[in-house]
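Let me begin by presenting the structure, written as structure tokens, before commenting on it.
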Amino acid sequence: MLASGALAAEAEHAGHAEHAEAVELAPMVITGVGQQSPLTVVTDPKIPRQPMPASDGADYLKTIPGFSAVRNGGVNGDPVFRGMFGSRLKLLSNGGEMLGACPNRMDSPSSYISPDTFDKLTVIKGPQSVLWGPGASAATVLFEREPEQFSEPDYRLNGSLLTASNGRFDRNLDAAAGNSQGYARLMANSSQADDYADGNGDTVPSRYDKWNTDIALGWTPDADTLVELTAGRGDGYARYAGRGMDGSQFQRESLGLRFEKTNLGETFYGLEAQVYYNYADHIMDNYSLRDFVPSMMMPNPTLSRVDRRTLGGRLVGTWQWTDVELKAGVDAQRSEHRKVMNPAGAANQMVTAAGSDALPWVPDAMLHSYGVFGELTWQLSEREKLISGLRLDLHEATDEREFFRSHDASSMPIVSRNWDNPTAGETRRDTLYSGFLRYEEELVSLPATWYAGLGHAERFPDYWELLFPIPARWARCNPSTRCGRRRPRSWTSACNTQRGRWRPGFPPMPAWSRITFCSAMCPA
């Protein structure tokens, strides 16, 4: 009896011990992005990557390793990747490029992107792709919306609300309906926040309010064909603590049409065609979102209104063989920049708010680009592949300013005056090329991939660099001086040398970049 009781007690103790070992802790969720290849990051922008949903494209991108942002306040930051920003980052939304209009990048391209309304985000690091346009020496960023898939008449509806401190209030709606032959999709969102108080209790201007609405109509007559028409609008405002003006309007208009056809044949596999139209109408002023305070530069309520109209398209074909895939095509873009101004005034002159509605739009720049490209992937073995690409681009930029207004550093005190534009009516043309070569291998013994790549990108100066309004800001030149040719190059490789030693995985760095700021348009 004693022996059996002892055995029973021992068994009960062992059962308790086993039960104690089987206790499950609360699950811990770790959010991260798995790379699809050594130089590509693919994620769903709807997945939360920070405590608060991103207010714009830059706010989301800075959560990805390698990215940071030039902050403008509560919203409308300018993304930076490995120290490079601006047009070195090719930022596309649904295949089209939305270029900002502000000469001070108050409305960077990422400020017109609401990540929650997209289904897929792809980041291609460095000049390691030639499919998406010229000049992507830092990275290529693709915000994409996937086509809807309905096998039978059906619908879906996703919505969300967010409220937080400092008056943060977000609303999102994503609805779609369709069948096997087509679909309709509506995406709408708005985001707003108030100013915040710093540690001393002082108010920091950071209030913003913005909204976007987009629709997509798709026709899918069979599983291999897609025709999609998209349209969208948006607007908003934002207060800035570090600027002399606020952004009182960020109006956006977008149109797009794309065609995709796959399984065309054994070799010629697919065809993609796309055209897009994007328009930005931006207003900055010093009175509507802040108390007006007269200054030497702006003694009256003043505004500046600029716009940017971008039209582009691309055509891409896909050829497939046993171990080789080739994507080749052409693309083109036309971009016009204008400003509301008094025709008798200077091209970058601020205008008095009173009577500004009656002033005409005056163009100051016209830019064109035409490109041809090809990208080849060769599957050497089950675990090895070679990827290479090459593109050639013709760029044109016409300076349509007759004169401009800027500071005269030769006078004391420094004053502003009108300057004759030495490059008025001139067109600069450049033929540039970009390319890359990369080898990748998946290791057998480890779940890892190693690669070695080399990339080269030549980038045509963008609007902000060609038509910078302040002469001799850093370079010693006068308004009649033409600045030198600017052709930044970036080299990317898996291993870079530093002091004679190989550093695997060392971040890519630009080989050289000579920058001269000048009022005149740089000649070829």
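The values are calculated or read from the model by the stated rules, or taken from the named source; none is laboratory data. It should be emphasised that the depicted structure is a prediction, and the values quoted were computed from it without experimental measurement. Please note: Cβ atoms are built from the backbone with ideal geometry, for glycine as well, and neighbour counts cover all protein chains shown.
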Quiz item: Here are some conditions: (1) within 19 Å of SER248 (Cα to Cα); (2) modelled with pLDDT of 95 or more. ARG290 meets all but one. Which one does it not meet?
Solution: (2)
Quiz item: In segment 294-304, which residues are out of contact with any helix residue (DSSP H, G or I) (no Cβ under 7 Å at 6 or more places or on another chain) and surrounded by 16 or more Cβ atoms within 10 Å (Cβ to Cβ)?
Solution: MET298, THR302, SER304
Quiz item: What do you reckon, is THR230 under 19 Å from SER111 (Cβ atoms), in contact with a strand residue (DSSP E or B) (Cβ under 8 Å, 6 or more places away or on another chain) and assigned to a strand (DSSP E or B)?
Solution: no
Self-check item: Residues of segment 239-257 satisfying the condition of being assigned to a strand (DSSP E or B) and touching a Ser or Thr at 6+ places or on another chain (Cβ under 8 Å)
Solution: ASP246, SER248, PHE250, SER254, LEU255, GLY256, LEU257
Quiz item: Pick from ASP307, ASP331: which is within 29 Å of the chain's Cα centre (by Cα) and buried (at least 20 other Cβ atoms within 10 Å of the Cβ)?
Solution: ASP331
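Does at least one position in segment 275-282 carry a residue that is more than 30 Å from ASP462 (Cα to Cα), part of a strand (DSSP E or B) and either among the small types (Gly, Ala, Ser) or touching a strand residue (DSSP E or B) at 6+ places or on another chain (Cβ under 7 Å) (or both)?
Narrowing segment 275-282 to residues more than 30 Å from ASP462 (Cα to Cα): none.
No, because not a single residue in segment 275-282 is more than 30 Å from ASP462 (Cα to Cα), part of a strand (DSSP E or B) and either among the small types (Gly, Ala, Ser) or touching a strand residue (DSSP E or B) at 6+ places or on another chain (Cβ under 7 Å) (or both).
Suppose we keep only residues that are aromatic (Phe, Trp, Tyr) and out of contact with any helix residue (DSSP H, G or I) (no Cβ under 7 Å at 6 or more places or on another chain) within segment 63-100. Which one would you say is nearest to LEU367 (Cα to Cα)? It would help to see each step written out before you state the result.
Taking segment 63-100 first, the residues aromatic (Phe, Trp, Tyr) are 67, 81, 85.
Narrowing the set further to residues that are out of contact with any helix residue (DSSP H, G or I) (no Cβ under 7 Å at 6 or more places or on another chain) leaves 81, 85.
Values: PHE81: 25, PHE85: 20 Å.
Ranking the qualifying residues of segment 63-100, first place goes to PHE85.
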Quiz item: Which fully enclosed strands (runs of 3 or more DSSP E) of segment 382-469 have 1 or more residues being within 26 Å of LEU89 (Cβ to Cβ) and within 24 Å of the chain's Cα centre (by Cα)?
Solution: 384-399, 427-442, 449-456
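Consider PRO53 carefully, then state whether it is at pLDDT below 90, out of contact with any Lys or Arg (no Cβ under 7 Å at 6 or more places or on another chain), more than 23 Å from ARG233 (Cβ to Cβ) and not hydroxyl-bearing (Ser, Thr, Tyr). Break it down into steps so the answer makes sense when it comes.
Details: at pLDDT below 90: yes; out of contact with any Lys or Arg (no Cβ under 7 Å at 6 or more places or on another chain): yes; more than 23 Å from ARG233 (Cβ to Cβ): no; not hydroxyl-bearing (Ser, Thr, Tyr): yes.
No; evaluated as a whole, the condition is false for this residue.
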